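Here's the structure we're looking at; comments come further down.
The values are calculated or read from the model by the stated rules, or taken from the named source; none is laboratory data. Remember, it's a predicted structure, so these values are computed and weren't measured experimentally. Positions of Cβ are backbone-derived with ideal geometry, glycine not excepted, and every protein chain shown enters the neighbour counts. Areas reflect the complete protein model, heavy atoms only, side chains present, ligands, DNA and RNA absent. Shrake-Rupley method; radii C 1.70, N 1.55, O 1.52, S 1.80 Å.
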Amino acid sequence: MNHHLIAPSILSANFLDLRRDIEMLNRSEADWIHLDIMDGVFVPNISFGFPVINSLKQVTDKPLDVHLMIVQPEKFVSEVAAAGAYMMNVHYEACIHLHRVVEEIKKAGMKAGVTLNPHTPISLLEDILHELDMVLLMSVNPGFGGQKFIEHSVQKVSDLKEMILRKNLSTLIEVDGGVNFETGKRLVDAGADVLVAGNFIFSSENPIEIICQLKNL
Ligand code: DX5
Ligand code: ZN
């Protein structure tokens, strides 16, 4: 059995009844809660922001895994920290001075994650990987829940795992987009440490059971 973590994305939750969905996650085997912040500029969609995170952190003790799909994420390091984030993920494509942003995230007391869009090669991480707590590989183009899994992501996970082991690091690999039992199994076998799943969990009649089965892939 693999020892990976599950981070449900509340992008597909019921926003009218968010407390109920968070309480369901509290009772589940979910390890983290994944929060997708979108600005309508970096991605063609707008989701939710700090008022929502600040409210939901009052009803959960699960670590918050914040995925910022926004331009200039460096502007919000202190807000994300104040919102109680455990992990702050910024997109490689959104940061000109990525090294500085990563330093600031860690200085603010959070774990630092860097996210790659599907077209961004992992080789671009060669000179920053040792500074990172996690790499978040997008297995769909960011912006929406419920999209089709991009097959090449599995190869990308094994290549990144190889790079991490070659450098003798313990950087986590998280994968986000189109995760279900079938894609999830192949991703953890390839070396993924954390699986994000939104639509697959929240469209189910029994989300707690889906999380349990994802955990036991
Ligand atoms: C996509 C988001 C994902 C999304 C995943 O832009 O980053 O976290 O919620 O959704 P599913 O699991 O529905 O593909
Ligand atoms: Zn995400």
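You will find that of 158, 123, 203, the residue that is more than 17 Å from the chain's Cα centre (by Cα), within 15 Å of ligand 1 (Cβ to nearest atom) and open to solvent by 20 Å² or more (accessible area, probe 1.4 Å) is 203 and no other. Scanning region 135-193 for residues that are farther than 19 Å from residue 90 by Cα and of a type in the set (Phe, Trp, Tyr) yields 149, 181.
Among the residues of region 114-131, is any closer than 21 Å to residue 3 by Cβ and either in contact with a Lys or Arg (Cβ under 8 Å, 6 or more places away or on another chain) or touching a residue at least 12 places away in the same chain (Cβ under 8 Å) (or both)? Within region 114-131, none of the residues are closer than 21 Å to residue 3 by Cβ and either in contact with a Lys or Arg (Cβ under 8 Å, 6 or more places away or on another chain) or touching a residue at least 12 places away in the same chain (Cβ under 8 Å) (or both). Could you tell me whether region 164-180 includes any residue that is within 16 Å of ligand 1 (Cβ to nearest atom), on the phi > 0 side of the Ramachandran plot and crowded, with 16+ Cβ neighbours inside 10 Å? Within region 164-180, one or more residues are within 16 Å of ligand 1 (Cβ to nearest atom), on the phi > 0 side of the Ramachandran plot and crowded, with 16+ Cβ neighbours inside 10 Å.
The C-beta contact set for region 192-204 (first residue farther than 15 Å from residue 216 by Cα and in contact (Cβ under 8 Å) with a residue 40 or more places away in the chain, second residue part of a strand (DSSP E or B) and hydroxyl-bearing (Ser, Thr, Tyr), distance under 6 angstrom, 6+ apart or interchain) comprises 198/9.
Evaluating residue 36 against the criteria (1) open to solvent by 20 Å² or more (accessible area, probe 1.4 Å); (2) under 30 Å from residue 216 (Cα atoms) leaves one unmet condition, (1).
Listed by first and then second residue, the pairs linking a residue in region 23-48 that is in a helix (DSSP H, G or I) and within 12 Å of ligand 1 (Cβ to nearest atom) to a residue that is open to solvent by 10 Å² or more (accessible area, probe 1.4 Å) and not charged (D, E, K, R), with Cβ atoms under 9 Å apart and 6 or more places separating them unless they lie on different chains, form an empty list.
Taking the conditions (1) over 24 Å from residue 210 (Cβ atoms); (2) open to solvent by 10 Å² or more (accessible area, probe 1.4 Å) in turn, residue 63 satisfies each one other than (1).
When 138, 110 are checked against the criterion of being within 10 Å of ligand 1 (Cβ to nearest atom), of a type outside the set (Phe, Trp, Tyr), at negative phi and at pLDDT 95 or above, 138 stands alone in meeting it.
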